[in-house]
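Colleague: Provided herewith is a single structure, encoded as structure tokens, for subsequent inquiry.
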Amino acid sequence: MSVSRPLIALLGVGFVGVAAIGAGAGATFTTSTTSAQTITAGTIDMSLSAANVPGCTSAADHCHALTLPAVGPVGSTFESPATEVTMTNTGNIPTTFSSIQMTATHGSSASSAVLLNEMNVCIQGKDASGGPWVEGNGPLTTALNLHPSVVENPVKLAPGESATYWVNFYAGQDSLCGGISSSGSHTAAAWEGVSGSYTTPASLTNDAMGGSVTPTLTWSFTG
């Protein structure tokens with residue numbers, strides 16, 4: 001037998017072994033993983049309360065609008081009581097208030113229109129960071145003509161947190177707000193741009209006698 005022949009046979013066996021291993025390596029292992037997450041939108045809910053409004057004396061009453069006690073008849077020089085109103089975040093996400101808007105309706109008589117034009121408004125606010133501050137103070141017509149009436153530095157209320165405000169109306173004297181248009185430079189400039197620097201208002205004239213005005217103050221919130 002030639003010495004070279006066994007060597008050829010061994011090489012042939014080696015080749016067959018390699019082929020068998022190659023066939024097994026063609027198989028593939030697979031696996032996968034998944035993850036899921038539920039997203040639930042929160043709820044904004046701001047509740048108003050005041051000690052002198054029956055049925056809305058605490059945040060637990062979940063009142064979203066208040067009708068404050070009527071004032072009058074008033075004299076030519078007057079200042080209405082400043083009712084303390086508390087705004088409480090009774091929702092489940094933080095909310096931010098950044099503006100206040102004053103609106104008003106009045107009776108059909110000419111005297112009601114005169115009363116609206118001669119009245120003044122004082123808006124004060126307080127939150128967890130301090131106060132009270134003068135939000136806006138001066139002629140009611142100024143608050144009505146500006147949109148918004150007051151631009152706030154955005155104030156965030158966490159669920160359960162509260163802020164407080166007071167509103168009153170006056171003529172013929174200064175109010176609780178004192179002799180400034182606003183504690184905020186932006187609002188002060190806006191109010192004074194409409195009605196000039198704050199001055200003590202005149203008393204109501206005879207033409208306002210018998211008039212009736214219903215102002216409304218709206219705070220805007222986002223969440």
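Colleague: Given the options V155, V167, V134, name the one that is surrounded by 15 or more Cβ atoms within 10 Å (Cβ to Cβ) and within 13 Å of the chain's Cα centre (by Cα).
Modeller: None of the other options fit; the residue is V155.
Colleague: Could you list, in sequence order, all residues of segment 56-80 that are free of Cβ contacts under 8 Å to residues at least 12 places away in the same chain and touching a strand residue (DSSP E or B) at 6+ places or on another chain (Cβ under 7 Å)?
Modeller: Hits for segment 56-80 are C56, T57, S58.
Colleague: Looking at T164 and the list (1) over 22 Å from A50 (Cβ atoms); (2) of a type outside the set (F, W, Y); (3) in contact with a Lys or Arg (Cβ under 8 Å, 6 or more places away or on another chain), which single condition is not satisfied?
Modeller: Failing condition for T164: (1).
Colleague: As an exercise: evaluate A189 against (1) in contact (Cβ under 8 Å) with a residue 12 or more places away in the chain; (2) under 26 Å from the mean Cα position of the chain (by Cα) and give the number of the one condition it does not meet.
Modeller: If we test A189 against (1) in contact (Cβ under 8 Å) with a residue 12 or more places away in the chain; (2) under 26 Å from the mean Cα position of the chain (by Cα), just (1) comes out false.
Colleague: Among G179, G130, G223, G138, which is the only one that is in contact (Cβ under 8 Å) with a residue 12 or more places away in the chain, over 23 Å from S76 (Cα atoms) and of a type in the set (G, A, S)?
Modeller: On inspection, the qualifying residue turns out to be G223.
Colleague: If F97 meets every condition in (1) touching a Pro at 6+ places or on another chain (Cβ under 9 Å); (2) at pLDDT 90 or above; (3) surrounded by 15 or more Cβ atoms within 10 Å (Cβ to Cβ); (4) not basic (K, R) apart from one, which number is that one?
Modeller: That leaves (2) as the condition not met.
Colleague: Identify the residue in segment 44-70 that is loosely packed, with under 12 Cβ neighbours inside 10 Å and under 19 Å from the mean Cα position of the chain (by Cα) and, among all such residues, is nearest to P81 (Cα to Cα).
Modeller: Among those residues, the one meeting the criterion is A65.
Colleague: Exactly one condition in (1) surrounded by fewer than 22 Cβ atoms within 10 Å (Cβ to Cβ); (2) of a type outside the set (D, E, K, R); (3) over 28 Å from I44 (Cβ atoms) is not met by T103; state its number.
Modeller: (3)
Colleague: Go through (1) of a type in the set (G, A, S); (2) more than 21 Å from the chain's Cα centre (by Cα); (3) at pLDDT below 95 one by one and return the number of the condition G184 breaks.
Modeller: (2)
Colleague: Here's a follow-up. Considering segment 113-124 alone, what residues qualify as being surrounded by 20 or more Cβ atoms within 10 Å (Cβ to Cβ), of a type outside the set (D, E) and over 13 Å from T218 (Cα atoms)?
Modeller: Passing the criteria: V114, L115, L116, M119, N120, V121, C122, Q124.
Colleague: Quick check: anything in segment 71-88 under 30 Å from A208 (Cβ atoms), among the acidic types (D, E) and out of contact with any helix residue (DSSP H, G or I) (no Cβ under 8 Å at 6 or more places or on another chain)?
Modeller: So far as segment 71-88 goes, yes, one or more of its residues are under 30 Å from A208 (Cβ atoms), among the acidic types (D, E) and out of contact with any helix residue (DSSP H, G or I) (no Cβ under 8 Å at 6 or more places or on another chain).
The values are calculated or read from the model by the stated rules, or taken from the named source; none is laboratory data. Because the structure is predicted, anything quoted here is derived from the model rather than measured. Backbone-built Cβ (ideal geometry, glycine too); neighbour counts: all protein chains shown.
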